[in-house]
Structure formats: C-alpha cells, structure tokens
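Worksheet for the structure shown next.
The values are calculated or read from the model by the stated rules, or taken from the named source; none is laboratory data. Being a predicted model, the structure only gives us computed values, none of them experimental. No Cβ is skipped: glycine too gets one built from the backbone with ideal geometry, and neighbour counts run over all protein chains shown. Heavy atoms of the whole protein, side chains included, go into the accessibility calculation; ligands, DNA and RNA do not. Shrake-Rupley method; radii C 1.70, N 1.55, O 1.52, S 1.80 Å.
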Amino acid sequence: AASADLQAPTAPADPSRPSLAEQILAGLPVGVLLIHEANPVADRPDGERWEAALRAVPFVIATSPRRNETTRLAHLHLPDVSYLEKWSIHAGATSEGCPVWSVGEPLLEPVGGRPLGATLIALARAAGGGAAAACPWADPAQVVTAYAESLHAKPGQGMIFGPEVAEMWSRLLERSGW
C-alpha cells in the first residue's frame with residue numbers, strides 16, 4: 001500500500017510580506033493558479049486587488065460548491081462538494097505547538113459536484129506515467145486510510161487508539177482526531 005504523508009503546519013504568515021495578489025500585480029510570474037474553497041475577491045479586505053490579480057493570471061482554476069465572485073473570474077470552475085460530502089484531513093497545532101490532526105468522513109453522498117480529491121486522482125490516472133505512479137489510490141477514502149496507517153506506524157507519536165490498524169481506524173473515525 002502506498003503511504004500518504006502530511007507535514008505539520010508551519011508558523012503563521014508574516015504580515016509584513018505582501019499578499020499573493022500584491023506579488024502577482026508586482027510581476028510575480030504565475031501561469032496557473034488553483035484557488036480551493038476560497039473566495040478572496042469577496043472575503044478579503046483587498047478583494048479588488050485580488051480581482052485585478054486574477055485577471056493577470058493566464059489560467060485560474062477555482063473550486064467551490066457554488067459559483068461566487070472568484071469562480072466567476074476563473075477560467076475553470078471545478079464544482080466541489082461541501083465538507084459533509086467528502087473525506088478530509090485537517091492539520092492544526094495546540095497552543096504548545098504540538099501537531100493535531102482531525103479526520104472527517106462524508107455524511108452525505110455528493111450532490112452537484114465532485115470532491116477535489118477525486119478529481120485530482122482521476123487527473124493523475126488520466127495523465128499516466130509519473131503522475132499516476134505518484135497517486136496510486138482509487139479514491140479519497142484510500143488516501144485518508146493510508147495517512148491514518150502512516151500515523152499508526154509511528155511508534156511513540158500521537159495517541160494510538162488501538163493496537164491493530166483496523167481498530168485504530170474505527171476509533172479514529174469515532175473520535176475524529178489524532
């Protein structure tokens with residue numbers, strides 16, 4: 001089985017550093033920009049700058065369950081699904097800096113969209129070669145399972161919910177966290 005590895009979150013962004021929108025407008029060469037589950041045009045205080053930046057990028061892909069100000073500017077809108085319709089892994093940290101991971105499983109069948117993870121897996125398979133080899137999972141559930149198995153394999157790290165992977169997986173889904 002292939003392993004999945006996520007990195008612990010890094011330090012917060014430096015507020016003195018220009019935003020990505022400002023960097024694009026200042027000439028940062030960006031050929032393709034993927035905006036996932038975000039609407040910076042409407043949600044950021046510098047939304048007008050984001051709109052200008054998106055217009056300067058040759059190919060913008062936006063994922064969102066519904067159309068919004070950002071998806072309307074994108075060259076390609078990939079309808080995503082809500083968090084209730086997809087597998088998820090979220091990384092965070094305690095106030096002491098210890099990594100914390102949470103797992104979410106779908107509660108509903110997807111309606112009107114496709115989870116981005118499933119889209120990326122399908123694209124990797126269609127591309128073949130190295131892309132397909134780097135993404136051997138059949139669906140997002142297998143990615144999440146592989147990641148949970150990699151956590152279980154790290155002795156002395158985290159809270160192991162059970163000695164066997166199957167028991168750990170069951171308890172992980174019940175408790176939704178590591």
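For the reader, a short list of remarks on this structure follows.
- Between the range 120-136 and the range 53-86, the alpha-carbon center distance in angstrom: 22 Å
- Å² per residue, accessible surface of the range 35-75 at 1.4 Å: 57 Å²
- Extension gain, A38 back to L120 (0.36 nm per residue minus Cα-Cα distance, nm): 27.8 nm
- Loop-located GluC sites (Glu not before Pro) in the range 60-136 whose Cβ has at most 13 other Cβ within 10 Å (DSSP): E96
- Fully extended contour minus Cα-Cα distance, from S150 to A26, at 0.36 nm per residue: 40.5 nm
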